[in-house]
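**Q** Shown below is the structure under consideration.
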Amino acid sequence: MAMTFGYAQQACRGDPVCGDIGTWWEGPHRYVLALADGLGHGAPAHRAASAAMQCIAEHLDASCAVMFAACNERLLDTRGAVLAIAIIDRDSNLLTLGVIGNIGVRVFGINSAVRLGAGRGFVGAGYALPAPDQLRLDDGDRLIMVTDGIDESDGMRTCMERSDESSQQLADDVLQGWGNQDDDAAVLVYQHRHTGSGR
């Protein structure tokens, strides 16, 4: 199997739906992963995050900047959201990442951990997207994305300590161990496997 994913989410205590949503798409030349946190919680937050996911699904061949611009237009009549979009080129193994707001993102290697930055603002309410981060992924590297309903420092430490777990098991453990029951929370995990010739 070329790659593995793991995803887990929980709604804020007492809410029937979660306003934090993540997903991924597998294309012939690239993989796209996204995690959105609709502002607030409950149905309005769910609507905003869902709109972002639908918009990205309609622009899977676009650049990070184009995806964010399209999402900003789509979310104008919603509460807005913070959002992370990762594009992984299957041939070059190059990760391109854009983040608006407080989505926590790190890449864990065998002996390293890299925390990737974020732009200011909210998608749907104006934002400043810096130049996307780019990083060449090594075989076995893990990309971890969490919303602010996860205690990022402790949750990320769990990722470092449990490198032998499957991506799904790791996502479940991070959510169960470090998710805030009084907030929406979501974690998306990706483990890279080389599929092309790029290094």
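The values are calculated or read from the model by the stated rules, or taken from the named source; none is laboratory data. These numbers come from a predicted model, not from an experiment. Here Cβ is always computed from backbone atoms with ideal geometry, including for glycine, and neighbour counts include all displayed protein chains. Quick note on the areas: whole protein, heavy atoms, side chains included, nothing else; ligands and nucleic acids left out. Shrake-Rupley method; radii C 1.70, N 1.55, O 1.52, S 1.80 Å.
**Q** In region 11-29, which residue that is at pLDDT below 95 and charged (D, E, K, R) is least open to solvent (accessible area, probe 1.4 Å)?
**A** ASP15
**Q** Shifting gears a bit: If ASP138 meets every condition in (1) touching a Ser or Thr at 6+ places or on another chain (Cβ under 8 Å); (2) modelled with pLDDT of 90 or more; (3) open to solvent by 70 Å² or more (accessible area, probe 1.4 Å) apart from one, which number is that one?
**A** For ASP138, the failing item is (1).
**Q** Of the residues that sit in region 167-199 and are under 17 Å from ILE88 (Cα atoms) and part of a loop (DSSP other than H, G, I, E, B), which one is modelled with the highest pLDDT?
**A** If we take residues in region 167-199 being under 17 Å from ILE88 (Cα atoms) and part of a loop (DSSP other than H, G, I, E, B), then HIS192 is modelled with the highest pLDDT.
**Q** Among the residues of region 141-166, which ones are modelled with pLDDT of 90 or more and either farther than 16 Å from ILE21 by Cα or touching a helix residue (DSSP H, G or I) at 6+ places or on another chain (Cβ under 8 Å) (or both)?
**A** Let us first name the residues in region 141-166 that are modelled with pLDDT of 90 or more, namely 141-150.
Selection gives ASP141, ARG142, LEU143, ILE144, VAL146, ILE150.
**Q** Sticking with this one: Is there a residue being closer than 21 Å to ALA171 by Cα and of a type in the set (Ser, Thr, Tyr) anywhere in region 53-63? So that I can check it myself, show each step before the final result.
**A** Kept after step one, since they are closer than 21 Å to ALA171 by Cα, are these residues of region 53-63: 53.
Narrowing further to those that are of a type in the set (Ser, Thr, Tyr): none.
Within region 53-63, none of the residues are closer than 21 Å to ALA171 by Cα and of a type in the set (Ser, Thr, Tyr).
Here is a yes/no grid of residues against (1) open to solvent by less than 10 Å² (accessible area, probe 1.4 Å); (2) closer than 21 Å to PHE5 by Cα; (3) out of contact with any Cys (no Cβ under 8 Å at 6 or more places or on another chain):
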position: LEU33; (1), (2), (3): yes, yes, yes
position: ALA36; (1), (2), (3): yes, yes, yes
position: ILE56; (1), (2), (3): yes, yes, no
position: THR78; (1), (2), (3): no, no, yes
position: LEU83; (1), (2), (3): yes, yes, no
position: ARG90; (1), (2), (3): no, yes, yes
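**Q** If you don't mind, there's one more thing I want to ask. Which of the strands (runs of 3 or more DSSP E) contained wholly in region 1-53 include at least 1 residues that are over 18 Å from ILE87 (Cα atoms), of a type in the set (A, V, I, L, M) and in contact (Cβ under 8 Å) with a residue 12 or more places away in the chain?
**A** On the way: elements: 4-10, 20-26, 30-38.
Where strands (runs of 3 or more DSSP E) fall fully within region 1-53 and carry at least 1 residues being over 18 Å from ILE87 (Cα atoms), of a type in the set (A, V, I, L, M) and in contact (Cβ under 8 Å) with a residue 12 or more places away in the chain, they are 4-10.
**Q** All but one of (1) out of contact with any Lys or Arg (no Cβ under 6 Å at 6 or more places or on another chain); (2) open to solvent by 60 Å² or more (accessible area, probe 1.4 Å) hold for CYS71, so report the exception by its number.
**A** Among (1) out of contact with any Lys or Arg (no Cβ under 6 Å at 6 or more places or on another chain); (2) open to solvent by 60 Å² or more (accessible area, probe 1.4 Å), the lone unmet condition for CYS71 is (2).
**Q** Please indicate, with yes or no, whether at least one residue in region 133-154 is under 18 Å from ALA69 (Cα atoms) and out of contact with any Lys or Arg (no Cβ under 7 Å at 6 or more places or on another chain). Give the steps one after another, and end with the answer.
**A** So the first thing to find is which residues in region 133-154 are under 18 Å from ALA69 (Cα atoms), and the list is 133.
Pick out the ones that are also out of contact with any Lys or Arg (no Cβ under 7 Å at 6 or more places or on another chain) and you get 133.
Yes, the conditions are met somewhere in region 133-154.
**Q** Mind listing just one residue for me: the one in region 115-130 that is assigned to a loop (DSSP other than H, G, I, E, B) and either within 27 Å of TRP178 (Cβ to Cβ) or out of contact with any helix residue (DSSP H, G or I) (no Cβ under 9 Å at 6 or more places or on another chain) (or both) and, of those, most open to solvent (accessible area, probe 1.4 Å)?
**A** Just the residues of region 115-130 that are assigned to a loop (DSSP other than H, G, I, E, B), to begin with: 117-118, 122, 124-126, 129-130.
Still in the running and either within 27 Å of TRP178 (Cβ to Cβ) or out of contact with any helix residue (DSSP H, G or I) (no Cβ under 9 Å at 6 or more places or on another chain) (or both): 117-118, 122, 130.
On the way: GLY117: 41, ALA118: 56, PHE122: 88, PRO130: 65 Å².
The residue in question is PHE122.
**Q** Which pairs turn up if I take residues in region 80-108 that are more than 24 Å from GLN54 (Cβ to Cβ) and look for partners that are in a strand (DSSP E or B) and among the charged types (D, E, K, R) with beta carbon separation below 6 Å, at least 6 apart in sequence or on another chain?
**A** If the second residue must be in a strand (DSSP E or B) and among the charged types (D, E, K, R), the pairs left are ASN93/ARG136; LEU94/ARG136; ARG106/ARG115; PHE108/ARG142.
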